[in-house]
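First the structure, in the form of structure tokens, and then the observations on it.
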Amino acid sequence: MRENYLLSLFLGFIGVFISFSQSGINESYAIVSINGAANAYYDLQANTGNIDFDSANLGTFNMSNPSETLVLNGAQNKTYKCNTDQITNGFLNYRIYLSSNPSPPAFIGSQIFFLSNDGTTGCGGTDQLQTWEAIAANINVLNGLCNGDYILEVYTTADYTFTSGGGGSGTHFANNAIANYKANFTIQDDIDPTITC
């Protein structure tokens, strides 16, 4: 009996949340430059012809060669908002750690900025498709690292507000069902390949 009550309460909460929150992230991408090349868009919450970021091998980098670089330049969120919902910002959240590290560090946030209105969604009210993007965050992924195998883990978010049903706010996540998106890379210093962290 108690289980049925809790289930009804949970479903009621979900129903209220869905009825009030009418916005979200349709697609998301990580933006990376490798060895000075142009920015490449990697699929996060997307299914396009781009390389999938999750499980990607970003390469092996020789720290003795300054031309070998790995730069996280930002991310892109493609969002939608309907009726009274407003998307208010976006963030790329990332962390870098040895693949053998049992306790990865906390995530660091890097802001994604409003870029454009991209048409309407057809859901009524003040509905709008939007793009939020940062392409020049210049996050030096290799900075301070030594020899080893690493993971670059990312996800994106978009905060929102709404005024229907008394109003409120929240955060949308593009986070691979909380598993996030993890790419791999290796650092191998040719001068002293024995140095490890």
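For Gly165, which of the numbered conditions (1) surrounded by 13 or more Cβ atoms within 10 Å (Cβ to Cβ); (2) touching a residue at least 60 places away in the same chain (Cβ under 8 Å) fails to hold?
Going through the list (1) surrounded by 13 or more Cβ atoms within 10 Å (Cβ to Cβ); (2) touching a residue at least 60 places away in the same chain (Cβ under 8 Å), Gly165 breaks only (1).
Take the stretch 75-88 and flag every residue that is of a type outside the set (Ser, Thr, Tyr), open to solvent by less than 30 Å² (accessible area, probe 1.4 Å) and either modelled with pLDDT under 95 or under 26 Å from Gly165 (Cα atoms) (or both). Spell out how you get there, then give the answer.
Filtering the stretch 75-88 down to residues of a type outside the set (Ser, Thr, Tyr) leaves 75-78, 81-83, 85-87.
If we keep only those that are open to solvent by less than 30 Å² (accessible area, probe 1.4 Å) too, we end up with 75-77, 81-82, 85, 87.
Passing the criteria: Lys81, Cys82, Asp85, Ile87.
Wholly within the stretch 49-132, which strands (runs of 3 or more DSSP E) include no fewer than the required count, namely at least 3 residues that are without any contact (Cβ under 8 Å) to a residue 60 or more places away in the chain?
Fully inside the stretch 49-132 and qualifying: 70-81, 90-98, 108-117.
What number of residues within the stretch 102-128 are at pLDDT 95 or above and out of contact with any Gly (no Cβ under 9 Å at 6 or more places or on another chain)?
Adding up the residues that qualify gives 11.
Being in contact with a His (Cβ under 7 Å, 6 or more places away or on another chain), at pLDDT 95 or above and polar (S, T, N, Q) narrows it down to one residue among Thr157, Thr131, Thr186; which is it? Break it down into steps so the answer makes sense when it comes.
Details: Thr131 fails: in contact with a His (Cβ under 7 Å, 6 or more places away or on another chain); Thr186 fails: in contact with a His (Cβ under 7 Å, 6 or more places away or on another chain).
Being in contact with a His (Cβ under 7 Å, 6 or more places away or on another chain), at pLDDT 95 or above and polar (S, T, N, Q) holds for just one of Thr157, Thr131, Thr186, which is Thr157.
Taking the stretch 144-162 as the region of interest, how many residues are of a type outside the set (Ser, Thr, Tyr), part of a strand (DSSP E or B) and open to solvent by 30 Å² or more (accessible area, probe 1.4 Å)?
Of the residues in the stretch 144-162, 2 are of a type outside the set (Ser, Thr, Tyr), part of a strand (DSSP E or B) and open to solvent by 30 Å² or more (accessible area, probe 1.4 Å).
When Asn175 is evaluated against the numbered criteria (1) modelled with pLDDT of 95 or more; (2) of a type in the set (S, T, N, Q); (3) farther than 30 Å from Pro66 by Cβ; (4) over 16 Å from the mean Cα position of the chain (by Cα), which criterion, by number, is the only one it fails?
(4)
Please work out which residue is farthest from the chain's Cα centre (by Cα), limiting yourself to the stretch 59-77 and to residues that are more than 13 Å from Tyr181 (Cα to Cα) and among the aliphatic types (A, V, I, L, M).
Selected residue: Met63.
Taking Gly36, is it open to solvent by 50 Å² or more (accessible area, probe 1.4 Å) and touching a Ser or Thr at 6+ places or on another chain (Cβ under 9 Å)?
Working: open to solvent by 50 Å² or more (accessible area, probe 1.4 Å): yes; touching a Ser or Thr at 6+ places or on another chain (Cβ under 9 Å): yes.
So Gly36 passes the test.
The values are calculated or read from the model by the stated rules, or taken from the named source; none is laboratory data. Please read these numbers as outputs of a predicted model, since none were measured by experiment. In this analysis, Cβ positions are derived from the backbone assuming ideal geometry, glycine residues included, and neighbour counts consider all displayed protein chains. For accessibility, only protein heavy atoms count, side chains too; no ligands or nucleic acids. Shrake-Rupley method; radii C 1.70, N 1.55, O 1.52, S 1.80 Å.
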